[in-house]
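S.K.: Mind looking over this structure? Questions follow.
The values are calculated or read from the model by the stated rules, or taken from the named source; none is laboratory data. Computed from a prediction, not measured in an experiment: that's the story for all the values here. Heads up, the Cβs are rebuilt from the backbone with ideal geometry, glycines too, and the neighbour counts pull from every protein chain shown.
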Amino acid sequence: MGKNIAILASGNGTNAENIIRYFREKGTARVALVLTNRQAAYVLQRARDLDVPALYFNKGEWADGRPVLQALQAHGVDFVVLAGFLARVPDNVLHAYPQRMVNIHPSLLPKFGGKGMYGDRVHQAVLAAGEAESGITIHYTNEQYDEGAIIRQYTCPVLPDDTPDTLAARVHTLEYAHYPEVIEALVQALP
Ligand code: GAR
(Lines give C-alpha, C1' and ligand atoms only; values in the text may rest on other atoms or scores of the structure.)
Protein backbone atom coordinates (compact mmCIF):
# COMPACT_ATOMS: atom_id res chain seq x y z
CA MET A 1 0.00 0.00 0.00
CA GLY A 2 1.32 3.47 -0.93
CA LYS A 3 2.02 6.31 1.44
CA ASN A 4 -0.63 8.71 2.65
CA ILE A 5 -0.18 12.46 2.31
CA ALA A 6 -2.04 15.22 4.18
CA ILE A 7 -2.24 18.74 2.78
CA LEU A 8 -2.55 21.77 5.07
CA ALA A 9 -3.98 24.86 3.37
CA SER A 10 -5.62 28.11 4.46
CA GLY A 11 -7.10 29.59 1.32
CA ASN A 12 -7.94 29.01 -2.29
CA GLY A 13 -6.18 25.65 -2.55
CA THR A 14 -5.12 25.57 -6.19
CA ASN A 15 -1.89 23.84 -5.21
CA ALA A 16 -3.81 21.37 -3.06
CA GLU A 17 -6.06 20.50 -5.98
CA ASN A 18 -3.09 20.16 -8.33
CA ILE A 19 -1.33 17.80 -5.90
CA ILE A 20 -4.48 15.71 -5.33
CA ARG A 21 -4.98 15.33 -9.10
CA TYR A 22 -1.29 14.53 -9.69
CA PHE A 23 -1.24 11.62 -7.25
CA ARG A 24 -4.63 10.39 -8.39
CA GLU A 25 -3.23 10.10 -11.89
CA LYS A 26 0.22 8.72 -10.99
CA GLY A 27 -0.86 6.44 -8.17
CA THR A 28 2.55 6.78 -6.49
CA ALA A 29 0.99 8.02 -3.23
CA ARG A 30 -2.41 9.21 -2.08
CA VAL A 31 -3.71 12.46 -0.64
CA ALA A 32 -5.70 11.06 2.26
CA LEU A 33 -6.64 14.24 4.11
CA VAL A 34 -6.89 18.01 3.76
CA LEU A 35 -6.73 20.18 6.88
CA THR A 36 -7.44 23.88 7.19
CA ASN A 37 -7.45 26.58 9.85
CA ARG A 38 -10.06 28.68 8.04
CA GLN A 39 -13.68 27.58 7.91
CA ALA A 40 -14.34 29.59 4.74
CA ALA A 41 -11.25 28.37 2.89
CA TYR A 42 -12.14 27.40 -0.66
CA VAL A 43 -9.78 24.44 -0.37
CA LEU A 44 -12.54 22.69 1.62
CA GLN A 45 -14.86 22.86 -1.39
CA ARG A 46 -12.11 21.63 -3.72
CA ALA A 47 -11.42 18.65 -1.43
CA ARG A 48 -15.12 17.85 -1.21
CA ASP A 49 -15.46 17.96 -4.99
CA LEU A 50 -12.52 15.56 -5.29
CA ASP A 51 -13.83 13.23 -2.55
CA VAL A 52 -10.88 13.82 -0.24
CA PRO A 53 -11.72 13.98 3.47
CA ALA A 54 -11.27 17.55 4.70
CA LEU A 55 -11.37 18.95 8.22
CA TYR A 56 -11.40 22.40 9.73
CA PHE A 57 -9.82 22.99 13.11
CA ASN A 58 -10.25 26.26 14.98
CA LYS A 59 -7.52 28.42 16.46
CA GLY A 60 -7.57 26.69 19.83
CA GLU A 61 -7.39 23.24 18.27
CA TRP A 62 -4.41 24.27 16.13
CA ALA A 63 -2.69 25.78 19.16
CA ASP A 64 -3.24 22.57 21.11
CA GLY A 65 -2.20 20.35 18.22
CA ARG A 66 -3.58 17.12 19.69
CA PRO A 67 -6.83 17.07 17.66
CA VAL A 68 -4.76 17.72 14.52
CA LEU A 69 -2.32 14.95 15.37
CA GLN A 70 -5.17 12.54 16.08
CA ALA A 71 -6.74 13.27 12.68
CA LEU A 72 -3.40 12.73 10.92
CA GLN A 73 -2.87 9.46 12.72
CA ALA A 74 -6.46 8.28 12.17
CA HIS A 75 -5.95 8.74 8.42
CA GLY A 76 -2.59 6.96 8.47
CA VAL A 77 -0.72 10.05 7.26
CA ASP A 78 2.97 9.44 6.50
CA PHE A 79 3.89 12.82 5.01
CA VAL A 80 2.55 16.37 5.46
CA VAL A 81 2.48 19.03 2.75
CA LEU A 82 1.85 22.72 3.45
CA ALA A 83 0.37 24.52 0.45
CA GLY A 84 -0.63 28.07 1.31
CA PHE A 85 -0.98 27.24 5.00
CA LEU A 86 -0.71 30.49 6.92
CA ALA A 87 -0.78 29.41 10.56
CA ARG A 88 1.96 28.00 12.71
CA VAL A 89 2.21 24.20 12.84
CA PRO A 90 2.07 23.16 16.52
CA ASP A 91 5.26 21.64 17.91
CA ASN A 92 3.68 18.29 18.76
CA VAL A 93 2.58 17.90 15.13
CA LEU A 94 5.97 19.07 13.82
CA HIS A 95 7.82 16.63 16.03
CA ALA A 96 5.61 13.73 14.93
CA TYR A 97 6.75 14.25 11.31
CA PRO A 98 10.52 14.88 11.38
CA GLN A 99 11.81 15.30 7.80
CA ARG A 100 8.30 14.43 6.72
CA MET A 101 6.75 17.88 6.47
CA VAL A 102 7.41 20.36 3.68
CA ASN A 103 6.28 23.87 2.76
CA ILE A 104 6.28 25.89 -0.42
CA HIS A 105 7.08 29.59 -0.38
CA PRO A 106 6.50 31.89 -3.37
CA SER A 107 9.95 33.54 -3.39
CA LEU A 108 13.60 32.60 -3.40
CA LEU A 109 14.21 32.20 0.34
CA PRO A 110 15.85 33.54 2.42
CA LYS A 111 14.64 36.60 0.52
CA PHE A 112 11.08 37.77 1.19
CA GLY A 113 10.26 35.18 3.85
CA GLY A 114 9.22 35.23 7.49
CA LYS A 115 6.06 35.87 9.46
CA GLY A 116 3.42 37.84 7.56
CA MET A 117 5.07 37.19 4.20
CA TYR A 118 2.59 35.24 2.16
CA GLY A 119 0.78 35.36 -1.13
CA ASP A 120 0.54 38.79 -2.74
CA ARG A 121 2.55 40.46 0.01
CA VAL A 122 5.56 38.49 -1.15
CA HIS A 123 5.09 39.49 -4.79
CA GLN A 124 4.56 43.14 -3.85
CA ALA A 125 7.81 43.09 -1.87
CA VAL A 126 9.71 41.45 -4.74
CA LEU A 127 8.48 44.15 -7.15
CA ALA A 128 9.18 46.97 -4.69
CA ALA A 129 12.75 45.72 -4.30
CA GLY A 130 13.28 45.78 -8.06
CA GLU A 131 14.32 42.13 -8.25
CA ALA A 132 15.10 40.74 -11.70
CA GLU A 133 14.23 37.22 -10.64
CA SER A 134 11.78 35.46 -8.35
CA GLY A 135 10.63 31.88 -7.96
CA ILE A 136 9.66 29.24 -5.45
CA THR A 137 11.31 27.51 -2.53
CA ILE A 138 10.35 24.05 -1.31
CA HIS A 139 11.73 23.45 2.16
CA TYR A 140 11.33 21.33 5.26
CA THR A 141 9.11 22.86 7.92
CA ASN A 142 10.58 23.72 11.31
CA GLU A 143 9.70 25.90 14.29
CA GLN A 144 10.56 29.13 12.47
CA TYR A 145 8.55 30.51 9.56
CA ASP A 146 10.28 29.81 6.26
CA GLU A 147 13.58 28.75 7.85
CA GLY A 148 13.66 24.97 7.43
CA ALA A 149 16.31 23.37 5.23
CA ILE A 150 15.83 24.14 1.56
CA ILE A 151 15.09 21.15 -0.67
CA ARG A 152 14.67 22.76 -4.09
CA GLN A 153 14.33 26.22 -5.63
CA TYR A 154 13.07 27.13 -9.11
CA THR A 155 13.34 30.57 -10.66
CA CYS A 156 11.37 32.74 -13.06
CA PRO A 157 12.03 36.22 -14.39
CA VAL A 158 10.41 39.37 -13.01
CA LEU A 159 9.32 41.44 -16.02
CA PRO A 160 9.38 45.25 -16.18
CA ASP A 161 5.60 45.58 -16.48
CA ASP A 162 4.76 42.95 -13.83
CA THR A 163 2.03 43.57 -11.27
CA PRO A 164 1.66 41.40 -8.16
CA ASP A 165 -1.00 39.46 -10.07
CA THR A 166 1.08 38.72 -13.16
CA LEU A 167 4.06 37.74 -11.05
CA ALA A 168 1.85 35.57 -8.83
CA ALA A 169 0.52 33.78 -11.91
CA ARG A 170 4.06 33.04 -13.15
CA VAL A 171 5.08 31.78 -9.70
CA HIS A 172 1.94 29.64 -9.44
CA THR A 173 2.81 28.02 -12.76
CA LEU A 174 6.20 27.04 -11.31
CA GLU A 175 4.48 25.66 -8.21
CA TYR A 176 2.09 23.50 -10.22
CA ALA A 177 4.94 22.21 -12.39
CA HIS A 178 7.32 21.26 -9.59
CA TYR A 179 5.72 20.81 -6.18
CA PRO A 180 4.00 17.46 -6.89
CA GLU A 181 7.12 15.82 -8.31
CA VAL A 182 9.32 17.02 -5.45
CA ILE A 183 6.78 15.64 -2.96
CA GLU A 184 6.66 12.40 -4.91
CA ALA A 185 10.44 11.96 -4.76
CA LEU A 186 10.49 12.63 -1.01
CA VAL A 187 7.60 10.26 -0.31
CA GLN A 188 9.14 7.52 -2.43
CA ALA A 189 12.40 7.85 -0.46
CA LEU A 190 10.59 7.21 2.85
CA PRO A 191 11.45 3.91 4.54
C1 GAR B 1 1.05 29.77 -2.99
O2 GAR B 1 1.61 30.65 -3.93
C3 GAR B 1 2.05 29.45 -1.91
O4 GAR B 1 3.38 29.45 -2.35
C5 GAR B 1 1.82 30.59 -0.96
O6 GAR B 1 0.43 30.76 -0.92
C7 GAR B 1 -0.09 30.45 -2.22
C8 GAR B 1 -1.29 29.56 -2.03
O9 GAR B 1 -2.01 29.43 -3.24
N10 GAR B 1 2.37 30.29 0.35
C11 GAR B 1 2.87 31.22 1.15
O12 GAR B 1 2.90 32.40 0.85
C13 GAR B 1 3.43 30.68 2.45
N14 GAR B 1 4.20 31.69 3.15
P15 GAR B 1 -3.13 28.33 -3.39
O16 GAR B 1 -4.03 28.40 -2.15
O17 GAR B 1 -3.88 28.70 -4.63
O18 GAR B 1 -2.45 27.00 -3.50
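S.K.: For region 99-107, does any single residue satisfy the condition of being in a helix (DSSP H, G or I), within 12 Å of the ligand (Cβ to nearest atom) and modelled with pLDDT of 95 or more?
M.R.: Keep residues of region 99-107 that are in a helix (DSSP H, G or I), which gives none.
Within region 99-107, not a single residue is in a helix (DSSP H, G or I), within 12 Å of the ligand (Cβ to nearest atom) and modelled with pLDDT of 95 or more.
S.K.: Name every residue in region 105-139 that is in contact (Cβ under 8 Å) with a residue 12 or more places away in the chain, farther than 22 Å from ASN12 by Cα and not aliphatic (A, V, I, L, M), in order of residue number.
M.R.: PRO110, LYS111, GLU131, GLU133
S.K.: Condition test on GLY11, is it without any contact (Cβ under 8 Å) to a residue 12 or more places away in the chain, closer than 30 Å to LEU127 by Cβ, within 12 Å of the ligand (Cβ to nearest atom) and in a loop (DSSP other than H, G, I, E, B)?
M.R.: It is false that GLY11 is without any contact (Cβ under 8 Å) to a residue 12 or more places away in the chain, closer than 30 Å to LEU127 by Cβ, within 12 Å of the ligand (Cβ to nearest atom) and in a loop (DSSP other than H, G, I, E, B).
S.K.: Scan region 140-167 and report the pairs whose first residue is among the small types (Gly, Ala, Ser) and whose second residue is assigned to a loop (DSSP other than H, G, I, E, B), with Cβ atoms within less than 7 Å and a gap of 6+ or a chain change.
M.R.: These pairs meet every condition: GLY148/THR141; GLY148/ASN142.
S.K.: Still on this structure, I have one more. Quick one: which strands (runs of 3 or more DSSP E) lie wholly within region 21-82 and hold at least 1 residues that are of a type in the set (Lys, Arg) and touching a Gly at 6+ places or on another chain (Cβ under 7 Å)?
M.R.: 30-36
S.K.: Any idea which of (1) in a loop (DSSP other than H, G, I, E, B); (2) within 14 Å of the ligand (Cβ to nearest atom); (3) at pLDDT 95 or above is the one HIS178 doesn't satisfy?
M.R.: Tallying (1) in a loop (DSSP other than H, G, I, E, B); (2) within 14 Å of the ligand (Cβ to nearest atom); (3) at pLDDT 95 or above, HIS178 fails exactly one: (1).
S.K.: Quick one: which of VAL89, VAL68 is away from the ligand (no atom under 14 Å from the Cβ) and surrounded by 20 or more Cβ atoms within 10 Å (Cβ to Cβ)? Talk me through it step by step, then tell me what you get.
M.R.: Working: VAL89 fails: away from the ligand (no atom under 14 Å from the Cβ).
Result: VAL68 is the single residue among VAL89, VAL68 that is away from the ligand (no atom under 14 Å from the Cβ) and surrounded by 20 or more Cβ atoms within 10 Å (Cβ to Cβ).
S.K.: Specify the residue that is nearest to GLU175 (Cα to Cα); the eligible residues are those in region 132-151 that are in contact with a helix residue (DSSP H, G or I) (Cβ under 9 Å, 6 or more places away or on another chain) and crowded, with 17+ Cβ neighbours inside 10 Å.
M.R.: Taking the candidates together, the pick is ILE136.
S.K.: Would you please name the residue that is farthest from the ligand (Cβ to nearest atom), looking only at residues in region 110-160 that are among the acidic types (Asp, Glu) and modelled with pLDDT under 95?
M.R.: So the residue we want is GLU143.
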